Each structure stands twice: as C-alpha cells, then as structure tokens.
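Just below is one structure, and these are the notes that go with it.
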Amino acid sequence: SQELEQSPQSLIVQEGKNLTINCTSSKTLYGLYWYKQKYGEGLIFLMMLQKGGEEKSHEKITAKLDEKKQQSSLHITASQPSHAGIYLCGADNTGNQFYFGTGTSLTVIP
Amino acid sequence: DAGVIQSPRHEVTEMGQEVTLRCKPISGHNSLFWYRQTMMRGLELLIYFNNNVPIDDSGMPEDRFSAKMPNASFSTLKIQPSEPRDSAVYFCASSLPSGNNEQFFGPGTRLTVL
C-alpha cells in the first residue's frame, strides 16, 4: 500500500514565525496535493504539484515538490492565527488511486 | 454554487441500526469520493465513482458498507448494521473531469454509533 508520512505531527508557533511541514512518499508520485482542514469542517484545496522541482505560492503559503517527486514541503511565512488547522498532503498514483497523509496540526499563538 | 452538500450533518444511532448518509456533488463534477476520518486512522478513501460507476471500492471496510450513485447528482453511503467502531466523520467530495483532480469537500457527517 502507498503511504504518505507527514512531519511534524503537530506544530505550535508564535504568530509571525515561519514554519515548514513535510510530506514524504516511498514511491514516485503522479500528483501531490495540499489541503487544509479547519477543525470540524471539510477540507479546502490549497495547491497541486505535478512536475519535479515545481514550486507554487498562494498568499503566504509556498509548496514545493522535489525533483524525484517523492517529497513535498509546505512553507508558511509570517504565520497568522488564520493559518491554524490541519494540513494534509494527498497524492494520486498513475492508477488514479487517491490517498492522504497523516496530517499536521498547526496552532498559531497570537 | 452551493458546493458539495451532505446530509445529515450529525447522526446518532444505536448499534445494529441502518445508517444512510447522503451526498449531492457539485453540478458538472463527474467524480465523487466517500472518505472516513477518525483520530486513529486519519482520512481514508472508502470508494469513488466516475460518471456514476464505482471505480475503486477497495477502501470499503466490510460488507456492511455499501455505496450507490443512481445519478450524477446524488450518492448514498449505507451502513447496515452499524457498529460503534463505525463512529467517525464521513466526507463526500467531488471533482471535475480535468487533469488536476482538485477535490471539493462537503462539510461531513459526524456519525456516532452507541
């Protein structure tokens, strides 16, 4: 079975600090997706990466996919309380099977 | 657009009862996904449909679980009989027939089986 490992499992940062969340796969990924989930709610799509070395940004969030397409990082610059939530990476393989990582819980202290 | 609609939002039932969860995908989306989320196992894909046809149901835990999609605008996930270990949040998501596979999630149904 394919697995996505995320680290850290949880993160508590002071408002204004930068942070990075990692997502690692044991196999080459066809597509890598980042979602955010607010507590008690559904998931919200953030970004999708497909090409090795690709990098995308949305507001203060930047996601990168490594050249081997097995690891992705999500970086938040100058974190705010609105960034708090659970961040999940998701992936699909060439067989069109979709699965999620273990999740990273982010708390931002004002 | 109203987004993906799920009902009910909360369901409390007794062990052994039948539970039916409902989902209305976003109009025009041809793929529909059912997920289950628990603290222990995280977010798990149960089944997904393409053009109303079940493509992969390998995530369905047992024969007690069944899913249908009679038309493009409606899907159900049924648990019969329900057990306490089925307690979880069940999410439905839909996506467009495009290359990026972005999924739009519903608000979820929080199921508690006593």
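Taking the residues in region B:19-38 that are open to solvent by 30 Å² or more (accessible area, probe 1.4 Å) and part of a loop (DSSP other than H, G, I, E, B) as candidates, determine which candidate is nearest to the other protein chains (Cβ to nearest Cβ). Among residues in region B:19-38 that are open to solvent by 30 Å² or more (accessible area, probe 1.4 Å) and part of a loop (DSSP other than H, G, I, E, B), the one nearest to the other protein chains (Cβ to nearest Cβ) is B:Asn30. Among the residues of region B:10-58, the ones that are over 18 Å from B:Pro97 (Cα atoms) and hydroxyl-bearing (Ser, Thr, Tyr) come to 5 in all.
Quick one: is B:Arg41 within 13 Å of chain A (Cβ to nearest Cβ) and open to solvent by 90 Å² or more (accessible area, probe 1.4 Å)?
Answer is yes for this residue.
Counted as qualifying within region A:16-110 are the strands (runs of 3 or more DSSP E) with 2 or more residues that are within 25 Å of B:Arg36 (Cα to Cα), namely A:19-25, A:31-37, A:43-49, A:71-76, A:85-92, A:98-100, A:104-109. Applying a threshold of 6 Å to beta carbon distances and a minimum spacing of six or more residues, or different chains, the list of pairs starting in region A:42-55 at a residue that is of a type in the set (Val, Ile, Thr) and ending at one that is crowded, with 17+ Cβ neighbours inside 10 Å reads A:Ile44/A:Lys36. Note on region B:89-101: among residues that are surrounded by 15 or more Cβ atoms within 10 Å (Cβ to Cβ) and not in a strand (DSSP E or B), the one that is nearest to the other protein chains (Cβ to nearest Cβ) is B:Asn101.
Residues considered: A:Ser73, A:Ser1. Of these, the only one that is modelled with pLDDT of 90 or more and surrounded by fewer than 19 Cβ atoms within 10 Å (Cβ to Cβ) is A:Ser73.
The values are calculated or read from the model by the stated rules, or taken from the named source; none is laboratory data. Everything numeric in this text was worked out from a predicted model, so none of it was measured. Here Cβ is always computed from backbone atoms with ideal geometry, including for glycine, and neighbour counts include all displayed protein chains. Heavy atoms of the whole protein, side chains included, go into the accessibility calculation; ligands, DNA and RNA do not. Shrake-Rupley method; radii C 1.70, N 1.55, O 1.52, S 1.80 Å.
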